[in-house]
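These notes concern the structure reproduced below.
The values are calculated or read from the model by the stated rules, or taken from the named source; none is laboratory data. These numbers come from a predicted model, not from an experiment. Because the Cβ atoms are built from the backbone with ideal geometry, glycine has one as well, and the counts that use them run over all protein chains shown. The area values use the complete protein model at the heavy-atom level, side chains included, leaving out ligands, DNA and RNA. Shrake-Rupley method; radii C 1.70, N 1.55, O 1.52, S 1.80 Å.
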Amino acid sequence: MRTFLQYVACAAAIGVTSPLTANAQDWARSFDAAITKDITLRRNVSVRFDQAPAEILPLLLTRVDLYDPNIVEVRFDHSQSEVPGQFGVGSRRICVFADGRELVEPLVVYDPPYTYAYTVDADASTMNLPVRDIVLLYAFEANKTGGTDLTVQAYFDPRIPGTGPVIEPVLTGTFRRTFQTASETFGGTYLGDEKP
């Protein structure tokens, strides 16, 4: 698996923490080519939230325990952040499951209220995933009603070659349930997901 430092170095090289455009979708396209160039885009998820981007982004990032029934606690470690002690690229979200296993998710992009992205640090996690690389890129855009149109691009590749046809439906189902629950929890509409 790519190391976390490789992701951060790549992110810093393209300036992902300070995009030159306020259009999250345009910026997301330039991001894809850099950090996700060797990972397969498997799913595009669309959700419309009633809240503005500045309100919904921190909820989705920090309150996973409210919309994922498998997660009982969410902690953060900012010691490796660009600005130690504060949210930024390098901050690590730690999702704790009911059985005590932990999934450590370093932020590779953090630019509120427009976007954030994270990967999984397999070496630091005590929960194993059947993928060798994974990145979830969230792009938030204000809509005409004062809410948010969220697009999530899910990139991942299986750890064992040839297992994609088994793994992809399972992970897609997990993404779907998670974002459906998030839209119900925070107020919004799950618009669907599709294979690119």
Leaving out ligands, DNA and RNA, what percent of the accessible area of the range 56-128 is carbon and sulfur, probe 1.4 Å? 49
Tally Lys and Arg at +1 and Asp and Glu at -1 over the other residues with C-beta under 12 Å from the C-beta of Thr126: what net charge comes out? -3
Which whole-Hz couplings ³J(HN,Hα) result when phi for each residue of the range 88-96 is put into the Karplus expression 6.51 cos²θ - 1.76 cosθ + 1.60, θ = phi - 60°, listed in order with x for Gly and Pro? x, 4, x, 4, 10, 8, 10, 9, 9
Subtracting the Cα-Cα distance of Leu59 and Ser46 from 0.36 nm times their residue separation yields 3.0 nm
Length gained, Asp77-Ala124, 0.36 nm per residue minus C-alpha separation, equals 15.7 nm
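Rounded, prolate or oblate for the range 62-122? Axes are the square roots of the Cα gyration tensor eigenvalues, ordered a ≥ b ≥ c, and the cut-off for rounded is a/c under 1.5. If you can, show how the numbers build up before the last one.
Numbers: a/c = 2.12, a/b = 1.61, b/c = 1.32.
Prolate is the answer for the range 62-122, as a/c is 1.5 or above and a/b outweighs b/c.
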Dipole axis of the range 72-196 (+1 Lys, Arg; -1 Asp, Glu on Cβ), positive-most option in Ile167, Gly146, Gln86: Ile167
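Express the accessible area of the range 114-161 per residue in Å², computed with a 1.4 Å probe while the remaining protein chains stay in the model. All intermediate terms of the calculation are to be shown ahead of the outcome.
Details: 1940 Å² over 48 residues.
About 40 Å² of surface per residue is accessible.
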